[in-house]
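In what follows, a structure is listed as structure tokens, so that the remarks can point back to it.
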Amino acid sequence: MSDVDPARVTHQDAVRRPTPRVWIVASGLLALVAVVLFAFSIPVVAAWAWIGIAFQVAIFAAIAVNGLTGRRGSYQGYIFAVLMCVQAAVALLVMVVIAVAAWAPLG
């Protein structure tokens, strides 16, 4: 039997032999969706919306820099995977905070 478990994230081809363009496009789409959602919530809770937008732009920039200047190979793939997970988690967390703040009773 092979020691490579295809169910493990670290054994996926996208991580072991990453294609930077694919990761940058995927991150850009996630950032675009999150920024649009945050932009619609600016009138409700502006501070959290702007924080979410800033984080999405910063994480997308980090993924783009890693893709354009990073060391090729599995190490670069691991960085892509971690940054995408952080990007998705931040988007979800900020959306939950915005929802709670929007529906919380005032006063």
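Okay, here's what the table says:
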| read-out | value |
| --- | --- |
| Segment 45-107 - Rg over Rh from alpha carbon coordinates, Kirkwood radius | 1.16 |
| Sites ALA101 and ALA61 - FRET efficiency at Förster radius 30 Å, r taken between beta-carbons, to 0.05 | 0.70 |
| Test item: Cα-centred dipole of the chain, Lys/Arg +1 and Asp/Glu -1 on Cβ, debye | 280 |
| For VAL65, solvent-accessible area (1.4 Å; no DNA, RNA or ligand), Å² | 90 |
| Of ALA34, ALA104, ALA47, farthest towards positive along the dipole that unit charges on Lys, Arg, Asp, Glu beta carbons give the chain | ALA34 |
| ALA47/ARG71 FRET efficiency (R0 41 Å; Cβ-Cβ; nearest 0.05) | 0.65 |
| Sum of -39500 (n - 2.57) over DSSP H runs of 4+, divided by residues of the chain (222 nm, nearest 500) | -25500 deg cm²/dmol |
| Separation of alpha-carbon centers, segment 56-107 and segment 15-39, rounded to whole Å | 9 |
| Candidate values (i) 66; (ii) 52; (iii) 57, label of the one derived for percent of Cα pairs over 17 Å apart | (iii) |
| Within segment 55-97: backbone nitrogen closer than 15 Å to the ARG16 label point (7 Å, Cα to C-beta) | 73-78 |
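The values are calculated or read from the model by the stated rules, or taken from the named source; none is laboratory data. Being a predicted model, the structure only gives us computed values, none of them experimental. Don't worry about glycine lacking a Cβ; one is built from the backbone with ideal geometry, like all the others, and counts go over all protein chains shown. Heads up: the accessible areas ignore ligands, DNA and RNA and are worked out on the full protein's heavy atoms, side chains in. Shrake-Rupley method; radii C 1.70, N 1.55, O 1.52, S 1.80 Å.
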